[in-house]
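The values are calculated or read from the model by the stated rules, or taken from the named source; none is laboratory data. On a predicted model such as this, the values are computed, not experimentally measured, just so you know. Every residue, glycine as well, gets a Cβ built from its backbone with ideal geometry; the counts of neighbours run over all protein chains shown. Areas reflect the complete protein model, heavy atoms only, side chains present, ligands, DNA and RNA absent. Shrake-Rupley method; radii C 1.70, N 1.55, O 1.52, S 1.80 Å.
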Amino acid sequence: MNTEFTYTIEDLGKLQFEGTPLAVIGHPIAHSVSPAMHNAAIAKMRQTHSRFNDWAYYRFDVAPEDFAAAIPLFFKHNFLGLNLTIPHKVQAMDLISGVSPDGERMGAVNTLVWGEHGYSGFNTDGYGIKNAVKADLGVDLKAATVILLGSGGAARAAAVQCILDGCAKLYIGNRSVERLDQLMQVVRAMPGGECAEAFALAEPPAGLPERGILINATSLGLKGTDPAPFDVAKLPADWVVYDMIYNPDATRLLQEARARGLRAANGLSMLVHQGVRSLEIWSHAEVDAHTMMRAACHALDLPPRSD
């Protein structure tokens, strides 16, 4: 089967996905570099483990209205693992047989694992952001002051991970007050969640410490005409900036941060690290992040990166 093709749920009944199939499901999904990343990592794993000889990772475009019917079909056709992306991460919570503690807190799952009674769900986005800021910017969430922009699924994963890792202070800002309030309820219910504080985007937190991390989890930056979601001039000189957006590879926020001399990175490393963790969950084996990164850069026509 062609792992570079974009399939639909109709193909599940017509084509034979033999061996041990894996897939990413989203809508739209044709732009996804996950198949390139995962298949490169699987090829590397085959060099030392013959049990991965029949593993392959595919891409499926599944509309939201078809998602509930699609999950049983993937289960029936023995897809060992599924990655979920926009817009399926939340809806999946009602369609699976079990969920990890992190996934429960985050209210969304992006990784499903086949089991005898159905799929179990995990969320590897928190793992992705934690390892991404460490790899790209040399900082830890533990004991850090973090400003988080957004309150959607990605922001929720980042907020929960910040609390789990023991950040010193977490400021969360979002345009929608209602969604921000919902996220604050989740965070403050966690042990250590009292360090979280909401703020209006028009009124950034005052009295910031010398060092900290700004994380953008909003969609502002996907379009070239988008303004930056935060005025980096309000950040102290030793802050770092991480934008979860990786395409384009330099958003307005990153451009302004670098122009001011701040260390900054895009979301490609988060994509890679969450993918690494997903493949580890499915395979119970070590996964090479460098191989995934090289494959992602090649698929996006970007210069190779060392991480």
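Here are a few things to note about the model shown:
- Looking across region 208-230 at every residue that is open to solvent by 30 Å² or more (accessible area, probe 1.4 Å) and either modelled with pLDDT of 95 or more or among the aliphatic types (A, V, I, L, M) (or both), the one that is nearest to Val33 (Cα to Cα) is identified as Leu222.
- Residues in region 103-123 that are touching a residue at least 24 places away in the same chain (Cβ under 8 Å) and open to solvent by 50 Å² or more (accessible area, probe 1.4 Å): Arg105, Trp114, Phe122.
- Pairs are defined by a Cβ separation below 9 Å, a sequence spacing of at least 6 or placement on different chains, a first member in region 63-88 that is free of Cβ contacts under 8 Å to residues at least 24 places away in the same chain and over 22 Å from Val33 (Cα atoms), and a second member that is open to solvent by 50 Å² or more (accessible area, probe 1.4 Å) and of a type outside the set (Ser, Thr, Tyr); the pairs so defined are Pro72/Leu95.
Rundown of residues vs (1) of a type in the set (Phe, Trp, Tyr); (2) more than 30 Å from Gly152 (Cα to Cα); (3) modelled with pLDDT of 95 or more; (4) crowded, with 17+ Cβ neighbours inside 10 Å, yes/no style:
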position: Lys14; (1), (2), (3), (4): no, yes, no, no
position: Pro28; (1), (2), (3), (4): no, no, no, no
position: Ala43; (1), (2), (3), (4): no, yes, yes, no
position: Asp94; (1), (2), (3), (4): no, no, no, no
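- Reported count of residues in region 124-160, each being open to solvent by 20 Å² or more (accessible area, probe 1.4 Å) and assigned to a helix (DSSP H, G or I), is 9.
- Pair list, Cβ under 8 Å, 6 or more apart: region 170-194 residue under 21 Å from Phe230 (Cα atoms), other residue of a type in the set (Asp, Glu) and open to solvent by 30 Å² or more (accessible area, probe 1.4 Å): Leu170/Glu197; Tyr171/Glu197; Ile172/Glu197
- Going through (1) modelled with pLDDT under 95; (2) in contact with a Pro (Cβ under 7 Å, 6 or more places away or on another chain) one by one, Tyr171 falls short only on (1).
- Restricting attention to region 1-12, the residues that are open to solvent by 20 Å² or more (accessible area, probe 1.4 Å) and part of a helix (DSSP H, G or I) total 2.
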